[in-house]
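Below you'll find the structure, written out as structure tokens, and then a few comments.
The values are calculated or read from the model by the stated rules, or taken from the named source; none is laboratory data. Just so it is clear, the model here is predicted, and its values are computed rather than measured. All Cβ positions, even for glycine, are placed from backbone atoms using ideal geometry, and neighbour counts span all protein chains on display.
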Amino acid sequence: MNVAIVGGGPAGLMAAEAAAATGAEVTVYDAMPTPGRKLLRAGVGGLNLTRDEPLPGFLAHYGAAEARLAPYLAAFGPDAVRGWADGLGEETFVGSSGRVFPKAMKSAPLLRGWLSRLAEMGVTLKPRHRWVGWDGDALAFDTPDGRITALAPATVLALGGPSWPRLGGGDAWSPLLAARGVALTPWKPANCGFDVAWSAYFAARFAGTPIPTATFRFGDVSVRGGAVITATGIEGGAIYALSAPLRDALALHGTTILTLDLAPDRTEADLTLALARPRGAKSMATHLKRCGLEGLRAALPREVVPGFDTLSPAAQARAVKAAPVALLRPRPLDEAISAAGGVTWDSVDETLMLRALPGVFCAGEMLDWEAPTGGYLLNACFASGLRAGRGAVAWLSRDRGAGTGDPEERVPAAENSPEKNVWI
């Protein structure tokens with residue numbers, strides 16, 4: 001039984017492991033010189049594999065795609081991801097925020113262990129093979145030696161979305177599938193920053209400056225965390241957590257307001273009392289500093305609230321507790337951490353096989369779902385890759401009586417041997 005995996009990211013490699021675990025002959029084709037480029041980039045600052053969170057709350061972070069992803073995440077959720085990483089020799093730990101990391105805090109050791117395991121399972125890697133569609137029934141690839149074709153009775157496409165193009169992302173595959181009758185949802189940036197019309201002084205003075213811990217609010221949703229001022233606007237973890245509703249509101253209304261509580265551990269009454277103290281001859285900056293407001297805690301309200309310095313102490317306190325930042329637009333797709341859109345859920349069956357292309361499966365960011373950073377993205381890529389790999393084997397087995405063809409067969413945790421057959 002031959003299975004072709006097109007794409008060497010987390011979803012593709014997990015599909016390869018799932019298929020190879022059943023004894024299938026698996027080949028992974030990847031456009032880049034080495035696989036796992038996005039996984040390595042995700043590990044800068046710590047590889048956040050998943051989240052230590054009960055499954056119902058975990059699933060809620062997938063929004064409109066929750067019901068579609070639920071079976072896959074139930075089969076390979078946070079506990080399973082931790083067990084899988086442990087099996088690769090990369091013990092995990094839970095951070096204070098509930099995020100799960102390898103103790104090494106880096107991607108490279110886990111990726112080396114994973115690729116070593118796949119090599120021992122007989123998986124073949126073909127780098128620098130850029131998929132360009134089909135030639136008849138065969139997959140077609142552009143390689144340094146020219147175009148080649150490969151026949152495979154089952155294929156898993158795990159080609160990602162258009163975010164991070166320099167790491168292998170892109171949507172050149174979209175028209176190829178559309179031409180074969182696959183329905184697609186237009187792409188939108190997800191986990192992205194937003195443009196703000198900062199004054200020239202503020203942008204020059206504070207670009208690259210982290211916002212101290214604050215509470216970011218939009219509608220009924222609030223996130224306590226951090227973000228960074230950029231020359232063009234604002235980005236960072238707390239912004240990414242709100243990016244989907246902010247993006248959709250901008251598409252509907254053309255502009256929207258994000259409010260920041262820049263003193264989340266102080267009450268408005270406490271701030272009002274402090275700000276009401278006589279200022280005397282001191283500058284407003286010095287007065288605010290005496291009140292515990294300095295740096296961005298002082299500068300941001302003065303930037304976004306006209307006439308802040310002349311307001312009453314009560315109005316100034318309200319501005320600090322709910323600084324209104326007007327967002328203009330999301331940053332472009334190629335700057336986003338991930339993308340919403342892609343293959344519609346109605347285009348695939350429960351095994352993630354394309355209804356229009358029997359024997360062809362999709363996994364990872366190709367599918368129309370989104371989730372915030374913090375382990376949710378990566379876990380769903382793993383889970384969908386696992387399901388697609390199992391689905392491909394079940395498809396091959398349906399008429400052959402080969403093995404059980406059970407799509408829920410457990411993927412064994414092969415022994416990790418990082419010194420042998422490492423591809424990076």
Residue match in the range 79-88 (condition: in the same structural domain as residue 373 (by TED's automatic domain parsing), of a type outside the set (D, E, K, R) and within 17 Å of the chain's Cα centre (by Cα)): yes
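Table: residues versus (1) in a helix (DSSP H, G or I); (2) more than 18 Å from the chain's Cα centre (by Cα).
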{"site": "39", "(1), (2)": "yes, no"}
{"site": "46", "(1), (2)": "no, no"}
{"site": "53", "(1), (2)": "no, no"}
{"site": "67", "(1), (2)": "yes, yes"}
{"site": "72", "(1), (2)": "yes, no"}
Residues of the range 315-357 satisfying the condition of being within 16 Å of residue 190 (Cα to Cα), modelled with pLDDT of 95 or more and part of a loop (DSSP other than H, G, I, E, B): 328, 331
The lone exception for residue 138 - which of (1) touching a residue at least 40 places away in the same chain (Cβ under 8 Å); (2) out of contact with any helix residue (DSSP H, G or I) (no Cβ under 9 Å at 6 or more places or on another chain) it fails: (1)
Search result, residues across the range 226-250 that are out of contact with any strand residue (DSSP E or B) (no Cβ under 7 Å at 6 or more places or on another chain) and free of Cβ contacts under 8 Å to residues at least 40 places away in the same chain: 230, 231, 248
Unmet requirement for residue 25, which otherwise passes all of (1) out of contact with any strand residue (DSSP E or B) (no Cβ under 7 Å at 6 or more places or on another chain); (2) acidic (Asp, Glu); (3) surrounded by fewer than 16 Cβ atoms within 10 Å (Cβ to Cβ): (1)
Enumeration of residues in the range 271-286 that are within 45 Å of the chain's Cα centre (by Cα) and over 15 Å from residue 313 (Cβ atoms): 283, 285, 286
Those residues of the range 1-30 which are among the hydrophobic types (A, V, I, L, M, F, W, C) and modelled with pLDDT under 95, in sequence order: 1
